[in-house]
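Data block below; observations after.
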Amino acid sequence: MSVRAFAKVLVANRGEIAVRVVRACREMGIRAVAVFSEADRAALHVRLADEALPIGPAPSRESYLRIDRVLDAARASGADAIHPGYGFLAENAGFARACEEAGIAFIGPRSGTIALLGEKTSARREAVAAGLAVVPGTLEPIADEEALAGEAERIGYPVMLKAAAGGGGKGLRFVAERSDLLPALARARSEAKGAFGDESVYLEKALVRPRHVEIQVLADHCGNAVHLFERECSIQRRHQKVIEESPSPLLTPELRERMGALAVALVRRVGYVNAGTLEFLVDAERNPYFLEMNTRLQVEHPVTEMVTGVDLVKLQIRIAQGEPLPFRQEDLAQRGHAIECRVYAEDPDTGFLPNPGRILALRPPGGPGVRDDSGVCEGGEVGVHYDPLVSKLVVWAESREEAIRRMRRAVSEYRILGLRTTLPFFERALAHPDFVAGAIDTAFVDTVLASGNGRRARSVEIAVAATAIRAFEARRGGSGRADPEREGLLPWRAAGLREAHGSRLGERS
Ligand code: MV4
């Protein structure tokens, strides 16, 4: 593979990940082209890019998921390559193939690899062939009800029904016993059909309170492959990760090395190229079982960047340019500890209901060891059309204990007015003795929620301050909408902060 330096990269995404990729491009001297829907005209990724092209109406089906429009934008801008970010088209083999056919480099694995690993039963077969243990279950989708019931009996209840085209928990059903199987099957199939247009399902033994540990890998076009250790992602809610960290408090050095070697074995077997992640479930006896491989950059990639000092996005671009990896496995090490909290516009007091709205004021935390990967700015909207992620707050420190202290400090500094976020949940989670002890499992989120009694002082503080700002807007007869052209000294902001300070609303209670 020859080395071809990119002059221009199109970023086929939005929000914080589009911002992240634009930043990497700028540091590499590559022009970054943003694409945007009608809802994202004034979004941060558009402002930071060198060029920006519209690709359609707000619903992602009509914009960020439109292969034809994204490719038209790439051709119109003269981009050499497309970075898909995560979500949207990132794991769409058809999109990767369309890029290949258009002569535009897809910054990710080859389309054939995406298809092979995207089908979860073929991924399981490849993993077995590479010497990995998979969660006991079927290696093919099963259509016939009788055969399915027989396999469930063989595996032993409880079992999990999973969508073959799925991943990440969509189309996933826990089945406690035989009498639940057929009703669960009907629901899993219709969910899979709706989400992926494919109703195939397969079976796995249901592990009891497993931990989710994933291995980051990188491979180039020259046959070099390395792992960048693990991320612990056991704190999830509705199959959405909430807090991630590295190193995992669960792994021993021996298990870490074994899982890393297994990950590289699968990478080599399938000829994987670019960045990827192998998800494992780890049971109570610390046995790792391969779950699936994600053929994209992950949301939680910054924790790996913080402990390894490797810029994963720049390396993705370098690999796609045909460059060899600049290090070998023995050059890599984990240093210190990193934690990520996903700040969502969701209200933890109402079971994490999305809380879209306009960001009236924003002051993210900073200082030593703090990184806030945000896709929003003051005056911007967190809308109803997309994932309500506001930012990823990431800290690094020499030890886990210091990282927890640092994250508590960072969360306490974070000011965002206008919408409810998951920040109050993090205050409680980071102070919980189970988290401090590293004793986290699938039930942790519910444990934390059960430990809280009613609305936190912080939520009240934010609600009152936001009300003060809105009252000011109403008095001056404004529309209440931010003018995206006038960044900076928005009048409501200055007045809101004055009112907040005057009535001590800006202070911690
Ligand atoms: C499982 C499981 C138990 N047994 N599979 C898959 C998608 C991911 N988001 C969660 N998944 C699970 N798959 C088998 N065979 C339990 C989960 C699971 C989970 C795993 C680790 C940490 C938190 C979790 C929360 C819900 C479900």
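Points worth noting:
- Any hit, region 472-480, residues being at pLDDT below 95, in a helix (DSSP H, G or I) and among the acidic types (Asp, Glu): yes
- Annotation note: of 142, 107, the sole residue that is crowded, with 20+ Cβ neighbours inside 10 Å and over 27 Å from the mean Cα position of the chain (by Cα) is 142.
- Some residue of region 222-245 being more than 24 Å from the chain's Cα centre (by Cα), surrounded by fewer than 21 Cβ atoms within 10 Å (Cβ to Cβ) and touching a residue at least 24 places away in the same chain (Cβ under 8 Å): yes
- Of the residues making up region 426-453, just one is under 13 Å from residue 347 (Cβ atoms) and away from the ligand (no atom under 16 Å from the Cβ), namely 452.
- Looking only at residues in region 128-165 that are part of a loop (DSSP other than H, G, I, E, B) and of a type in the set (Val, Ile, Thr), the one that is farthest from the ligand (Cβ to nearest atom) is 142.
- Every residue from region 324-333 that is open to solvent by 50 Å² or more (accessible area, probe 1.4 Å) and in contact (Cβ under 8 Å) with a residue 40 or more places away in the chain: 324, 328, 329
- Filter result for residue 339 (within 18 Å of the chain's Cα centre (by Cα) and more than 30 Å from residue 470 (Cα to Cα)): yes
- Qualifying positions in region 265-284 - surrounded by 21 or more Cβ atoms within 10 Å (Cβ to Cβ) and either more than 16 Å from the ligand (Cβ to nearest atom) or farther than 27 Å from residue 436 by Cβ (or both): 266, 267, 270, 272, 273, 274, 275, 276, 278
- Every residue from region 291-323 that is within 15 Å of residue 87 (Cβ to Cβ), open to solvent by 20 Å² or more (accessible area, probe 1.4 Å) and either among the aliphatic types (A, V, I, L, M) or without any contact (Cβ under 8 Å) to a residue 12 or more places away in the chain (or both): 299
- Top-ranked residue of region 171-186 - restricted to ones that are touching a Lys or Arg at 6+ places or on another chain (Cβ under 9 Å) and either within 13 Å of the ligand (Cβ to nearest atom) or among the aliphatic types (A, V, I, L, M) (or both), ranked as modelled with the lowest pLDDT: 171
- Leading residue by the ranking (most open to solvent (accessible area, probe 1.4 Å)) among those in region 383-407 that are closer than 30 Å to residue 39 by Cα and in a strand (DSSP E or B): 389
- Listing of strands (runs of 3 or more DSSP E) fully contained in region 285-382 that carry 3 or more residues being within 16 Å of the ligand (Cβ to nearest atom), under 27 Å from residue 116 (Cα atoms) and not polar (S, T, N, Q): 288-294
- Residues that are more than 26 Å from residue 243 (Cα to Cα), of a type in the set (Asp, Glu) and within 16 Å of the ligand (Cβ to nearest atom), drawn from region 187-214: 191
The values are calculated or read from the model by the stated rules, or taken from the named source; none is laboratory data. Predicted model, so just to flag it, every value in this text is computed and none were measured. FYI the Cβ positions are ideal-geometry reconstructions off the backbone, even for glycines, and counts take in every protein chain you see. Ligands, DNA and RNA are excluded from the accessible area calculation, which covers all protein heavy atoms including side chains. Shrake-Rupley method; radii C 1.70, N 1.55, O 1.52, S 1.80 Å.
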